[in-house]
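See below for the structure under consideration.
The values are calculated or read from the model by the stated rules, or taken from the named source; none is laboratory data. From a predicted model like this one, the values you see are computed outputs, not experimental measurements. Here the Cβ is made from the backbone with ideal geometry for all residues, glycine too, and neighbour counts use every protein chain on show.
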Amino acid sequence: MSVPIKIKKRVAGILFFMTLLLIVLAGRLVWVQLVKGEELRQKAFAVRFRNVEVKAKRGTIYDAQGKPLAISISTDSFYANPAEVKRSKREKEIAQKVAEILELEPDKVLQQITKEQAFVWIKRHVPEEKAQKLKTAKLPATAEFTATNSLPGIKSVEEPERFYPKGQLLANVLGFAGIDHQGLYGIEKSYDQILSGISGTIMVEYDNRGQEIPDALQKYIPPHDGNSIFLTIDETIQYIVERELDGIMQLHSPKKAGIVVMEPKTGRVLAMGMRPAFDPNNYNDFAQVNWKNFLVSDVYEPGSTFKTVTMSGALDEGVVNVNDRFYCGGFVQVGGRKVRCWKASHGSQSFMEGVQNSCNPVFVTVGLRSGKDVFYRYLHGFGFGKKTGIDLPGEATGILLSKDKVQEIHLATMSIGQTNAVTPLQLLTAFAAMANEGKLMKPQIVKEIRDKEGKLMRTIEPEVVRQVISVETAQQVMSILESVVSEGTGKTAYVEGYRVGGKTGTAQKIIPGGGYSTSEYIGSFLGVAPVNDPRMVCLVVVDSPEGMYYGSQVAAPAFRNIVRDTLRYLQVPAQIEPEKIANNLHSIELPSLVDLQVSEAVKILSQKKLKADILGQGTKVKAQLPLAGTKVVEGSKVVLYTSVPAAGAEPETVVVPDFTGKNIVEVKEEVKMLNLNFDIQGSGVVSRQEPEPGQQVPLGSTINLYLETLSEDVLYPIGP
């Protein structure tokens, strides 16, 4: 029996359709397996697995002697699996329990743990006591629910946390790391790639309802911990520096203060500290301005400490020699303007004496002799106008007036440390070159990099940038600067038993918008020890101290203490100095001479081998400068302000000081000591006063002071 044609066609159509369907399915299978296979496998893997990042431990930061300054400790961080939390039907109870232990707001916790996400952080870096409570927390049984052995959906993972065992010590240099263990400031930021390491991962398998599968596949990719770095900083010297900074802040109440100590032969920074500072363990509790390392990032006009640069270039070029004679009449005329000295007059003096006296006319004359081409060659040679290259973030380049805009008056003020602005680190680096036989070194803050096993990965060797001045000139500069400390304005920096050289500096602060402040100053001291074999150079900068502000008063004593204790720590033997022993230049703490008879005060000073400068014809000491407790060297001068005791109905009188050339800060300090009042007319510095200096006036009298505003034709550089 034959099959009807109609049926044959139907069967053929079905076979054709089935064949076409099989071809389509085969093509789809090829597309899914071969073309889209890897992508779909990744998506399936992502649905099945939850990835929990395991942070690598940051490498340790050590000081030069291997003492840890920044370490990573393990802490517990808690996260939630929202699907598991919601499946428990006890979200509110879980949120309440978590919030109670971690001291969070329950509503915010509930919102967090019920998000439409596979993974959410609850709180990271939880203290150990709270972490243990949360790990062992349970939900009690109710009529509807059975008790739980742990909080459903609440998990923990071990994470490293940065810890700074020394608190604020070196804080502005170390910086800090954020909650994700990334370097955010300081060394932590500049060496972040080396310190951070590579994070690991924990992959946990979940079912289609988001529930962790017991005994399911789990994959752990371990983290690779970061490398460690060894700084050039010595913890002991850093402690000495920060001790002195605390003393400066307590004694002089400045806006800020900073100190850098460097090894001149290598450029290695031995200590770098500043105030205000902060605790990097709790950096968010401090204003961001406290995080700043202003020794690297801020610029200022250095004042007389910069005269070391003027002197070095001029001596190296043969523009001047130590025996050249100069005359200081209180000012020097430059292009129709007057540049005044900090003192009324130094008279005739040699160049050596001019440096000892920090005489402005001497340095202006020398700067003009050099000319701008020579002057700028040494500016650039010493590295001013560009970054030093130290491995710290935020370094400033400094500000140099363009050479083609320099006129005589600019060259004059540059020679005494005005007009151009530098960073404290630039200034110390240049000075270190003078102490290193003229070789400029790149400043260095890190000396070694080691892996987590302690294996040496890299040593950062000292780097010579260039030879700036000759060896002979450098030695001559050191000899001159030694005389500044032994015989000149730097006597308060003298360290008994060691050959010390240095330069004082007191600079007017620049007012935003232009001009100089007449009430705020930056006192500084720049020094080296021992001058015949330099082991350290040090810069002390004190910004806007209250009361006394000269560098010789506010900065040099701190330098002296740092040098004394650092050289002893470095076991540098004391040096025999016959010329100083012969002159008996020992440090002496001034006694209080106030209310003593003048004759008795003079006798006491004479016994201590100090000189008395008596102001007035009185018989009683009303006040003294320097103040009692100040340390001076033998041969120093002490000013005694005299008063005449009351006789019958006559009031007690006191001598009127000479306020001419002084600013309001200096005036306030002296009249307070003498129980006088004052009335001011004008602004700037005192140009005239009534009564005249030297007169005896009753206590409580008012001194009329007429101040002169700083004008374009007269400049008032500050001295030592």
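One residue stands out among those in region 325-370 that are among the hydroxyl-bearing types (Ser, Thr, Tyr) and assigned to a loop (DSSP other than H, G, I, E, B): the one that is nearest to residue 406 (Cα to Cα), which is 358. Put simply, of 430, 396 the only residue that is assigned by TED's automatic domain parsing to the domain that holds residue 369, under 23 Å from residue 320 (Cβ atoms) and in contact (Cβ under 8 Å) with a residue 60 or more places away in the chain is 430.
Within region 61-86, the set of residues being touching a Gly at 6+ places or on another chain (Cβ under 9 Å) and part of a loop (DSSP other than H, G, I, E, B) comprises just one member, 81. Restricted to strands (runs of 3 or more DSSP E) entirely inside region 458-532, those with at least 3 residues that are in contact (Cβ under 8 Å) with a residue 60 or more places away in the chain are 501-510, 516-529. Is there a residue being assigned by TED's automatic domain parsing to the domain that holds residue 55, of a type in the set (D, E, K, R) and more than 30 Å from residue 445 (Cα to Cα) anywhere in region 154-175? Yes, the conditions are met somewhere in region 154-175. Under the condition of being modelled with pLDDT of 95 or more, over 23 Å from the mean Cα position of the chain (by Cα) and assigned to a loop (DSSP other than H, G, I, E, B), the residues counted in region 435-457 number 3. When the helices (runs of 4 or more DSSP H) confined to region 115-207 are screened for residues that are farther than 20 Å from residue 80 by Cα and touching a residue at least 12 places away in the same chain (Cβ under 8 Å), those reaching at least 3 such residues are found at 171-174, 186-190, 192-196.
Exactly one residue out of 596, 615 is buried (at least 17 other Cβ atoms within 10 Å of the Cβ), on the phi < 0 side of the Ramachandran plot and at pLDDT below 85, and it is 615. Scanning region 66-114 for residues that are surrounded by 15 or more Cβ atoms within 10 Å (Cβ to Cβ), hydroxyl-bearing (Ser, Thr, Tyr) and farther than 18 Å from residue 136 by Cα turns up 72, 114. Residue 78 - would you say it is in contact with a Leu (Cβ under 7 Å, 6 or more places away or on another chain), over 30 Å from residue 231 (Cβ atoms) and of a type in the set (Phe, Trp, Tyr)? Here the answer is yes, as residue 78 does meet what is asked.
Here residue 387 passes the criteria (1) assigned to a loop (DSSP other than H, G, I, E, B); (2) buried (at least 18 other Cβ atoms within 10 Å of the Cβ) except the one numbered (2). Among the residues of region 108-132, those identified as under 14 Å from residue 96 (Cβ atoms) and touching a helix residue (DSSP H, G or I) at 6+ places or on another chain (Cβ under 7 Å) are 109, 110, 113, 114, 122.
Do we have any residue at all in region 309-316 that's in contact with a helix residue (DSSP H, G or I) (Cβ under 8 Å, 6 or more places away or on another chain), of a type in the set (Asp, Glu) and part of a helix (DSSP H, G or I)? Scanning region 309-316, I find at least one residue that is in contact with a helix residue (DSSP H, G or I) (Cβ under 8 Å, 6 or more places away or on another chain), of a type in the set (Asp, Glu) and part of a helix (DSSP H, G or I), so the answer is yes.
At pLDDT below 95, of a type outside the set (S, T, N, Q), assigned by TED's automatic domain parsing to the domain that holds residue 423 and buried (at least 17 other Cβ atoms within 10 Å of the Cβ): which single residue out of 327, 300 fits that description? Result of the check over 327, 300: 300. Restricting the first residue to region 440-456 and requiring it to be more than 15 Å from residue 64 (Cβ to Cβ), which pairs with a second residue that is in a strand (DSSP E or B) and basic (Lys, Arg) meet a Cβ separation below 6 Å and a spacing of at least six or different chains? Once the first residue is more than 15 Å from residue 64 (Cβ to Cβ) and sits in region 440-456, its partners that are in a strand (DSSP E or B) and basic (Lys, Arg) give 440/466. Across region 230-270, the qualifying residues are those that are small (Gly, Ala, Ser) and more than 28 Å from residue 455 (Cβ to Cβ), and the one among them that is surrounded by the most Cβ atoms within 10 Å (Cβ to Cβ) is 257.
Tallying residues that are touching a strand residue (DSSP E or B) at 6+ places or on another chain (Cβ under 8 Å), at pLDDT 80 or above and surrounded by fewer than 13 Cβ atoms within 10 Å (Cβ to Cβ) within region 115-167 yields 4. Here residue 235 does not qualify as farther than 19 Å from residue 164 by Cβ and charged (D, E, K, R). Of 279, 285, all but one fail to be surrounded by fewer than 24 Cβ atoms within 10 Å (Cβ to Cβ), in contact with an Asp or Glu (Cβ under 9 Å, 6 or more places away or on another chain), over 30 Å from residue 472 (Cβ atoms) and touching a residue at least 12 places away in the same chain (Cβ under 8 Å); the exception is 279.
One line per residue, one yes/no per condition, for (1) assigned by TED's automatic domain parsing to the domain that holds residue 265; (2) of a type outside the set (Val, Ile, Thr); (3) within 22 Å of residue 356 (Cβ to Cβ):
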{"position": "511", "(1), (2), (3)": "yes, no, no"}
{"position": "516", "(1), (2), (3)": "yes, yes, no"}
{"position": "524", "(1), (2), (3)": "yes, yes, yes"}
{"position": "540", "(1), (2), (3)": "yes, no, yes"}
{"position": "546", "(1), (2), (3)": "yes, yes, no"}
{"position": "550", "(1), (2), (3)": "yes, yes, yes"}
{"position": "562", "(1), (2), (3)": "yes, no, no"}
{"position": "567", "(1), (2), (3)": "yes, yes, no"}
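The single condition among (1) more than 17 Å from residue 384 (Cβ to Cβ); (2) touching a strand residue (DSSP E or B) at 6+ places or on another chain (Cβ under 9 Å); (3) among the small types (Gly, Ala, Ser) that residue 417 does not meet is (1).
Which members of region 254-305 meet the condition of being of a type in the set (A, V, I, L, M, F, W, C) and in a strand (DSSP E or B)? Correct list: 257, 259, 260, 261, 262, 269, 270, 271, 272, 274.
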